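Note sheet for the following structure.
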Amino acid sequence: MNEHATSQEGTLGKVILSARNIAKSFGNVHALKAVNFDVHYGQVTTLFGENGAGKSTLMKILSGVMQPSSGEIILEGEPVRFSSTTEAQRQGISIIHQELSLAPNLSVRDNVFMGREIVGKGGVDYAEESRQTRQLMEELDEPIDPLTPVEDLRLGQQQIVEIARALSVNSRILIMDEPTSALSASEVEVLFRVIRDLKSRGVSLVYISHHLEEALTITDHAVVLRDGRMTAYAARQEIDLEWIVRNMVGENFDLGSPPDGYAMGDAVLSIEGITIPDVSVPGRAVVDDVSLSVRAGEIVCIYGLMGAGRTELLESVAGRGNMAAGRVLLHGEDISRLSIAERIEKGLVLVPEDRQRDGLVQTMSVGENLSLASIGAFTKGLLTSRGRERHVVRESISNVHIKTDGSAASIGSLSGGNQQKVVIGKMMATHPRVVLLDEPSRGIDIGAKAEVFRLLSEGAAQQGLAVVFSTSEVGECLSIAHRIVVMSRGRIAAEFGADANKEEIMAASGEAVVA
Amino acid sequence: MSDVSQDNDNERGKLFGGDFDIKRVLLEGRAFFALIAIIVIFSILSPVYFSTSNFLTMSSHVAIFGLLSLGMLLVILTGGIDLSVGSTLGLAGVFAGFLMQGVSFEILGVVFYPPVWVVVILTCGLGALVGAINGVLIAYFKVPAFVATLGLLYVARGVALLMTDGLTYNNLGGSPELGNTGFDWLGFNRLFGVPVGVLILAVVAIACILLLARTPFGRWVYSTGGNARAAELSGVPVKRVQVLVYVLSGICAAIAGLVLSSQLTSAGPTAGTTYELTAIAGVVIGGAALTGGRGNVRGTLLGAFVIGFLSDGLVIIGVSSYWQTVFTGAVIILAVLLNSIQYSGRKKQQASSDGKTTSPQPESAAERSPASGSTAGKAGTQS
């Protein structure tokens, strides 16, 4: 294996793959704008950037998943075009996605050779496949038996199986998208050892991570993307954490400031010692003994990386998920045993993170989606009142400023920002006292984002709503929130006032955890 | 739906000669046009087909499938499937027949002959029980709907065979002395010249229309099938909805069983075998999506009539029953094919409208595109 890579005449640090003026548009949306990007032989290049900065799009283009709208890819001085991942693989470029693409029911061996089975005289030559797999795993210092089913492996080991698969096709360039987001500290250690080993064998790596400091320990070059442009580039020795944060975040669009000029009420929502076990790893908790109290009229932001436990916390407060310990109090009343519907009735609602999966019913119209949570309000006896429903829907549309050509429009005809407002409007129509929003700004443009935040801010100031929203963009913490709670690995790591700065929030979130 | 994309397409259709609209109308109303086509074709082929009496006879056959299909529609709208309805129909018929023979209480030494209305209520209760077992297995024990109802298909049929030892109850007429006459009224008799079975179908259909369009439960059914996760987070009692649709489907099957055994004035344990498949076919021909969330009563009724009028027509013109089976199958495949064309077309339209509509939704253009103000400058190396 790796004959290709070792026979390579490359000197360390020479550019092996470069992207020149790559642009990618989806309709009118420009995901990438004239990005230049170099991968160096035998070194790690890390791509930094916030959600939606275009990191994944760029990686998909480099690995042949997508084709650029314009610009070119140069591999060892030759312009190349990949029409598929197979073609990119043939040229030695492999990608390991954030969501692993292994078949959990098959063995390590079968996964490594999936789609490229070695065929001998009597069918598949399992012995040869096993031999090669064993050799690969030994080279990676992770001597897993080739016949072990992948589902029995820990996540970190599964990732190494993916790496083995990439190496088995003689990959010279390996792209890793957020490989550590689901790993424990010791698993990260193992992964980094493997990465160093790969480097010494002449494999060039592209690395994407939200764990900034962790990435800094492994990388040789840093490239920062923001809003589809490359905003900065430097070698490792020239940069530090502060430099990355400054270039990643840039100057933010004004998302408002915490509403003031009114007195906050008493604590409406109190969370006491919530613990949620991790279903995939016994003994580990995704949310570990979290307590939080929110007052009427207060806006609290929960900041944290992916996997910090924000979603699990908010969902369990709303009534979904399996809480192992802890209580949720609403107006001092324990609601931990109530169903989602009963909690909504008591005035606690959740706007979920993934609006396509959890927020909207795609087969129903805008109006039906808006009125779904508040049907009781327009039901008389057995039947619903159409007039009352129209009123509720019209009110919601104007309250949350949804741009639609009528309540009968299909939900798919709305833009992402307006779809999000439908989900918010639906929950607001139940006249809640506490609103939980899980990443309310995900996948919506900056204008819609500002509008959503303004709605929340008005709700808190005028109706005394208690608002809790989560985000993974630090700029959003420093907008309308009175209080910023930072979560890291299932725990509350720090709490700040509205006057916190970006660096200390990011440091507390574990973006500064050293592997 | 009256969304922007469609209006745009309509306009475009007119620009390019206007045939787009016709295709669309044909596609959306396909069950209706299929029914018209069937009536026209068979009326030409056979002189007896186009007559009120024949339509009424055919309708009373349709009533059985129609009742099953309506129950099935509720289940399919939630994204489920109920394979047990044919067996439930058979079991209900046998159970009614058993009650009509009189229930003897040996301890008391008396034989109790329940009046017909009691028989009807008890039989519907049995159907509800079968449905409740289905629903609880599916909603609370997470047994896949296909498997749970397949199991009940066997169990219900087996129980029906056990109850009669494989024989058929022929004496369903009751007698005036025992006060249990009137069973034949359900399917055999006519009211204002219309078979009572057809009237029962109409009543159930109207009830279903009201249920789906005007009650919170109806909205819950659609939202559960459209996106159960979103529905649950919106406070919809998804599990209870699932149980209830199977209960209603079981009741519909029991009513169909009563009507059928009344029509035949006999109750056999094998009645209704494979009827579940015909019921599913009716729902699918009516345009409902097996993935849930899409479909309506009108379409389902049309679907049931298409199947009923087609198979009766084939009988009338003397086509062999083997060919009937082939034709029915072809119609079902064609219907599903058209369904997938319709739904994928809808998706494509939405996707293209996201890209192209600019005036009604100015935001969609800017979707996910970054703030213009913050990106200028700052490019280049810095260290």
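The values are calculated or read from the model by the stated rules, or taken from the named source; none is laboratory data. These numbers were taken from a predicted model, which means no experiment stands behind them. Here the Cβ is made from the backbone with ideal geometry for all residues, glycine too, and neighbour counts use every protein chain on show.
Brief remarks on what is shown
- Any hit, the stretch B:195-217, residues being at the interface with chain A (Cβ under 7 Å from one of its Cβ atoms), within 25 Å of A:E315 (Cα to Cα) and surrounded by 22 or more Cβ atoms within 10 Å (Cβ to Cβ): no
Let's see how each residue does on (1) of a type in the set (G, A, S); (2) under 21 Å from A:G49 (Cβ atoms); (3) at pLDDT below 85; (4) not assigned by TED's automatic domain parsing to the domain that holds A:I276:
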position	(1), (2), (3), (4)
A:Q420	no, no, no, no
A:G425	yes, no, no, no
A:D445	no, yes, yes, no
A:A460	yes, no, no, no
A:L465	no, no, no, no
A:E495	no, no, no, no
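- Count of the stretch A:197-230 residues, restricted to those that are under 14 Å from A:M176 (Cα atoms), more than 20 Å from the chain's Cα centre (by Cα) and of a type outside the set (S, T, Y), is 5.
- Every condition in (1) at negative phi; (2) assigned by TED's automatic domain parsing to the domain that holds A:K33; (3) touching a helix residue (DSSP H, G or I) at 6+ places or on another chain (Cβ under 7 Å) holds for A:M176 except the one numbered (3).
- Number of positions in the stretch A:335-364 that are more than 7 Å from chain B (Cβ to nearest Cβ), more than 22 Å from A:S470 (Cβ to Cβ) and not in a loop (DSSP other than H, G, I, E, B): 2
- Flag if A:R295 is buried (at least 16 other Cβ atoms within 10 Å of the Cβ), of a type in the set (D, E, K, R) and at pLDDT below 85: no
- Within the stretch B:278-291, if we keep just the residues that are crowded, with 24+ Cβ neighbours inside 10 Å and assigned to a loop (DSSP other than H, G, I, E, B), the residue that is nearest to the other protein chains (Cβ to nearest Cβ) turns out to be B:A288.
- Taking residues in the stretch A:362-387 that are closer than 19 Å to A:M428 by Cα and in contact (Cβ under 8 Å) with a residue 24 or more places away in the chain, and partners anywhere that are part of a helix (DSSP H, G or I) and among the acidic types (D, E), the pairs with Cβ atoms closer than 6 Å and at least 6 places apart or on different chains are A:S371/A:E389.
- Single unsatisfied condition, A:S270 versus (1) within 14 Å of chain B (Cβ to nearest Cβ); (2) within 20 Å of A:L465 (Cβ to Cβ): (1)
- Where helices (runs of 4 or more DSSP H) fall entirely within the stretch A:81-175, those with at least 3 residues that are buried (at least 17 other Cβ atoms within 10 Å of the Cβ) are at A:108-112, A:126-139, A:155-168.
- The residue list A:M506, A:M487 contains one member that is more than 14 Å from chain B (Cβ to nearest Cβ) and assigned to a strand (DSSP E or B), which is A:M487.
- Taken together, the criteria place A:G321 among residues that are within 14 Å of chain B (Cβ to nearest Cβ) and within 23 Å of the chain's Cα centre (by Cα).
- Residues of the stretch A:447-484 classified as within 25 Å of A:A507 (Cα to Cα) and assigned to a helix (DSSP H, G or I), total: 6
This table checks each residue for (1) without any contact (Cβ under 8 Å) to a residue 40 or more places away in the chain; (2) away from chain B (no Cβ under 14 Å).
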{"position": "A:V190", "(1), (2)": "no, yes"}
{"position": "A:S209", "(1), (2)": "no, yes"}
{"position": "A:L225", "(1), (2)": "no, no"}
{"position": "A:Q237", "(1), (2)": "yes, no"}
{"position": "A:R246", "(1), (2)": "yes, no"}
{"position": "A:S257", "(1), (2)": "no, yes"}
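- Qualifying residue in the stretch B:236-247 (condition: part of a loop (DSSP other than H, G, I, E, B), crowded, with 18+ Cβ neighbours inside 10 Å and at positive phi): no
- Candidate set from the stretch A:380-403 (those that are polar (S, T, N, Q) and within 19 Å of A:P432 (Cα to Cα)); member that is surrounded by the most Cβ atoms within 10 Å (Cβ to Cβ): A:S396
- The listed residue being buried (at least 21 other Cβ atoms within 10 Å of the Cβ) and more than 16 Å from A:L370 (Cβ to Cβ), out of A:D499, A:D438: A:D438
- The residue list A:R165, A:R131, A:R154, A:R116 contains one member that is modelled with pLDDT of 90 or more and more than 13 Å from A:V194 (Cα to Cα), which is A:R131.
- Among residues of the stretch A:365-397, those that are under 21 Å from B:N227 (Cβ atoms) and more than 10 Å from chain B (Cβ to nearest Cβ), counted: 6
- Residue check for B:A230: surrounded by 24 or more Cβ atoms within 10 Å (Cβ to Cβ), in a helix (DSSP H, G or I), of a type outside the set (D, E, K, R) and free of Cβ contacts under 8 Å to residues at least 24 places away in the same chain: yes
- Residue check, A:V400 at the interface with chain B (Cβ under 9 Å from one of its Cβ atoms), touching a helix residue (DSSP H, G or I) at 6+ places or on another chain (Cβ under 6 Å) and touching a residue at least 40 places away in the same chain (Cβ under 8 Å): no
- Qualifying residue in the stretch B:234-245 (condition: within 14 Å of chain A (Cβ to nearest Cβ), of a type in the set (S, T, N, Q) and closer than 25 Å to B:L129 by Cα): no
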